[in-house]
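Asker: One structure is given below, represented as structure tokens, and several questions about it will come after.
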Amino acid sequence: MTPQIAVFLVLAAMAVAGAVSLILQRHPIHSALSLIVVMVSLAGLYLLLGAEFIAAVQIIVYGGAIMVLFVFVIMLLNAGEEERTNVSRMARFVGVPLGVMFLLEVAYWIARATSHLAPPAAQLVSTRDLSTLLFREYVFPFELTSFLILIALLGALVLARREDSD
């Protein structure tokens, strides 16, 4: 086993464990921390692929800025621990088998659709070319995303605002 495969397996296991923990946690702050683990392990996988720019953006934007925003909104909304009801317990017995069936169905259709395709030729793109493309050709969607995040934060502030009783 090569060191790259070993690192890949460790990072993949971290990503899967973080995703499972994200779903199973009852407290929203713990879920946000699990999401940070997933984002950092994905950045490591991007590094293995040789995509340094995407790995840096993954850590800076998603692991840093977006997660700080999530944690800020969670704390602002004063979200407590999730309460389990009979419906949520019953959903586990119905939802897990349906989710497994759905994943198997998606895997079947992906395998069927890609079985006759030839593997694509690898194209090496430098970080300079990628950043030039991002900030020249796609600057409008890039800035639009930041405005959407700002609007979502303002919406959360309006929803969390406490009415002063006179």
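Asker: With θ set to phi - 60°, apply the Karplus curve 6.51 cos²θ - 1.76 cosθ + 1.60 along region 62-77 and write out the HN-Hα couplings as whole Hz, x wherever there is a Gly or Pro.
Answerer: 7, x, x, 5, 5, 5, 4, 5, 4, 5, 4, 5, 4, 6, 5, 7
Asker: Also, quick follow-up: Neighbouring Cβ atoms within 10 Å as the yardstick, rank 52, 143 fewest first.
Answerer: Details: 52 14, 143 11.
By the 10 Å Cβ count, ascending: 143, 52.
Asker: List 27, 116 from most exposed to least, where exposure is judged by having the fewest other Cβ atoms within 10 Å.
Answerer: Ascending Cβ contact count within 10 Å gives the list 116, 27.
Asker: In vacuum, with every alpha carbon of region 1-83 counted as one equal point scatterer, what does the Debye formula give for log10 I(q)/I(0) at q = 0.18 Å⁻¹? Two decimals, please.
Answerer: -0.77
We did not get these values from a lab; they are worked out from the coordinates using the rules stated. This is a predicted model, so every value here is computed, not measured. Using ideal geometry, Cβ is built from the backbone for each residue, glycine included, and neighbour counts are taken over all protein chains shown.
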